[in-house]
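Presented below is the structure to which this report refers.
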Amino acid sequence: MIDGWWTYVVIIVAGFVATDFWRWLGVLFGNRLREDSEALYWVKAVATALVMAVTAKLIVFPTGTLAASPLWLRLAAAGIGFAVFLATGRRIAVGVLVPIAILVVGLWWIGF
C-alpha cells in the first residue's frame, strides 16, 4: 500500500519540477521584461517553431484514421486552410474549420 502511494508522489513531484516549476519561474522573471525585448521575441519564435513542428509532424506522419488518408489531401487541406486563414484577416476559427471541412469532404469523395 505504501509503495503504491510513493509512486504517485514521485510522479506528481517529477511532473511539477519538469513543467510547473519552470512556468512559475517564467511568470516571476517575465514580469520584469519589456514587451519589445529581444528575449520575448526569442520566446515567441521558439514557441511558434514548436507549434509548427508539431503541426508538420501531424500532417506528414499522422496516426489513427488520418494515417489512412493520402498525403496530397493532408497537404492540400493545410495549404488551402492557411491561404483562407490569411485571406480572411487571420481568423483562427476559419483557419481551423476550413482544413477540417476539406479533409472531411476529401475523405468522403475518395471513399473512406
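The values are calculated or read from the model by the stated rules, or taken from the named source; none is laboratory data. Everything quoted here is computed from the prediction, not taken from an experiment. Using ideal geometry, Cβ is built from the backbone for each residue, glycine included, and neighbour counts are taken over all protein chains shown. Note: areas computed on protein heavy atoms with side chains; ligands, DNA, RNA excluded. Shrake-Rupley method; radii C 1.70, N 1.55, O 1.52, S 1.80 Å.
Might you let me know whether the range 86-99 holds any residue that is in contact with a Leu (Cβ under 6 Å, 6 or more places away or on another chain) and not aromatic (Phe, Trp, Tyr)? Steps first, answer last, please.
Initially, the range 86-99 is screened for residues in contact with a Leu (Cβ under 6 Å, 6 or more places away or on another chain), giving none.
Within the range 86-99 (the criterion being in contact with a Leu (Cβ under 6 Å, 6 or more places away or on another chain) and not aromatic (Phe, Trp, Tyr)), the answer is no, since none of the residues qualifies.
Residues are listed down the side, and each one gets a yes or a no for (1) among the small types (Gly, Ala, Ser); (2) under 15 Å from the mean Cα position of the chain (by Cα); (3) surrounded by 13 or more Cβ atoms within 10 Å (Cβ to Cβ); (4) over 30 Å from residue 27 (Cβ atoms):
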position	(1), (2), (3), (4)
58	no, yes, yes, no
64	yes, no, no, yes
85	no, no, yes, yes
107	no, no, yes, yes
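Which one is most open to solvent (accessible area, probe 1.4 Å) among residues in the range 47-56 that are of a type outside the set (Gly, Ala, Ser) and within 17 Å of residue 96 (Cα to Cα)? So that I can check it myself, show each step before the final result.
Taking the range 47-56 first, the residues of a type outside the set (Gly, Ala, Ser) are 48, 50-52, 54-55.
Restricting the remaining residues to those that are within 17 Å of residue 96 (Cα to Cα) gives 48, 51-52, 54-55.
Details: 48: 84, 51: 90, 52: 111, 54: 88, 55: 56 Å².
Going through the qualifying residues, I end up with 52.
Please tell me if residue 76 is in contact with a Leu (Cβ under 8 Å, 6 or more places away or on another chain) and in a helix (DSSP H, G or I).
No.
Output the residues belonging to the range 34-69 that are at pLDDT 90 or above and β-branched (Val, Ile, Thr).
Scanning the range 34-69 gives 46, 48, 51, 54, 55, 59, 60, 63.
Name every residue in the range 7-33 that is modelled with pLDDT under 85 and either in contact with a Cys (Cβ under 7 Å, 6 or more places away or on another chain) or open to solvent by 100 Å² or more (accessible area, probe 1.4 Å) (or both), in order of residue number.
Listed by number, the residues that qualify are 22, 29, 31, 32.
Looking at 75, 97, which is the one that is surrounded by 10 or more Cβ atoms within 10 Å (Cβ to Cβ) and within 18 Å of residue 110 (Cα to Cα)?
Residue meeting the stated conditions: 75.
What pairs can you find where one residue is in the range 50-63 and assigned to a helix (DSSP H, G or I), the other is open to solvent by 70 Å² or more (accessible area, probe 1.4 Å) and not basic (Lys, Arg), and their Cβ atoms are less than 9 Å apart, with a gap of 6+ or different chains?
Listed pairs, sorted by first residue: 59/71; 59/75; 60/71; 60/75.
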